[in-house]
1. Being closer than 30 Å to Val146 by Cα, buried (at least 18 other Cβ atoms within 10 Å of the Cβ) and in contact (Cβ under 8 Å) with a residue 60 or more places away in the chain is true for just one of Leu7, Leu72. Which residue is that?
2. Among the listed residues Leu47, Leu82, Leu127, identify the single one that is assigned to a helix (DSSP H, G or I), open to solvent by less than 20 Å² (accessible area, probe 1.4 Å) and not small (Gly, Ala, Ser).
3. Just to be sure, is Ala110 assigned to a helix (DSSP H, G or I) and surrounded by fewer than 16 Cβ atoms within 10 Å (Cβ to Cβ)?
4. Could you say whether any residue in the range 159-179 is over 18 Å from the mean Cα position of the chain (by Cα), open to solvent by 60 Å² or more (accessible area, probe 1.4 Å) and under 19 Å from Asp101 (Cβ atoms)?
5. Across the range 19-38, what is the total count of residues that are open to solvent by less than 70 Å² (accessible area, probe 1.4 Å), hydrophobic (A, V, I, L, M, F, W, C) and either touching a residue at least 60 places away in the same chain (Cβ under 8 Å) or not in a helix (DSSP H, G or I) (or both)?
6. It is to be established whether one or more residues within the range 90-112 are over 13 Å from the mean Cα position of the chain (by Cα), closer than 30 Å to Leu145 by Cα, at pLDDT 95 or above and not hydrophobic (A, V, I, L, M, F, W, C).
7. Exactly one of these conditions fails for Tyr41: (1) closer than 22 Å to Ala99 by Cβ; (2) not in a helix (DSSP H, G or I). Give me its number.
Amino acid sequence: RVESRVLSLAAEMTPDDVAAGLDELVDTGFLVSVGGHLLTYQFSHALVRDTVEEVLSPSLQAALHLRIAEALEQVYDGDERLVYAELARHFGAAAAVGAVDRGVRYGRLAAEQAKSSGAYDEAISHLEAVFRLLPEETIEATVVLVDLGHVQTRRGHSVKAQATYRRAFDMARRSPISA
């Protein structure tokens, strides 16, 4: 799901040019317009989205995710809280082209936002994605695992949380102590 104003910035095209392309994709049935006060579009079906993803090279996919993420940052510069989850997803998907730090930052913010609203499953997903972005034997990865264990406990997944805490403990034991 993406807003036309974000697509215009990401594509570096005029809103009219983007609108013409979007209208054509809606007419062919590849996209649907989502209701609301902002012009927002999404793929008509997961199969369409998956097919588009399959034909794009991984490097092109990462570059496109980076452009969308940076456009989201610009559009929501006044209050990024509204799109933390989207920023986390797009920057995380752009890790291959150098967006790891922002993927981690927004992933942690999205996880905290989800946790504070009681959306523990979403918080768990964000923290797992952040952990995959980090080198395993680092203090930051250990901290993310501790956070993940905490959310798993809050969600009632005590057995998973215990395994997560054990993994964090083992990583911390193996990590060199830094000043």
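The values are calculated or read from the model by the stated rules, or taken from the named source; none is laboratory data. Since we're looking at a predicted model, the values are computed, not measured. Virtual Cβ from ideal backbone geometry, glycine too; neighbours counted across all protein chains shown. Surface areas here come from the heavy atoms of the whole protein model, side chains and all, with no ligands, DNA or RNA. Shrake-Rupley method; radii C 1.70, N 1.55, O 1.52, S 1.80 Å.
1. Checking each option against the conditions leaves just Leu72.
2. Every option except Leu127 fails the conditions.
3. no
4. yes
5. The total comes to 4.
6. yes
7. That leaves (1) as the condition not met.
Residue by residue, here is whether (1) under 21 Å from the mean Cα position of the chain (by Cα); (2) modelled with pLDDT of 95 or more; (3) of a type outside the set (Asp, Glu) holds:
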site	(1), (2), (3)
Ala11	yes, no, yes
Val18	no, no, yes
His37	no, no, yes
Thr40	yes, no, yes
Leu47	yes, yes, yes
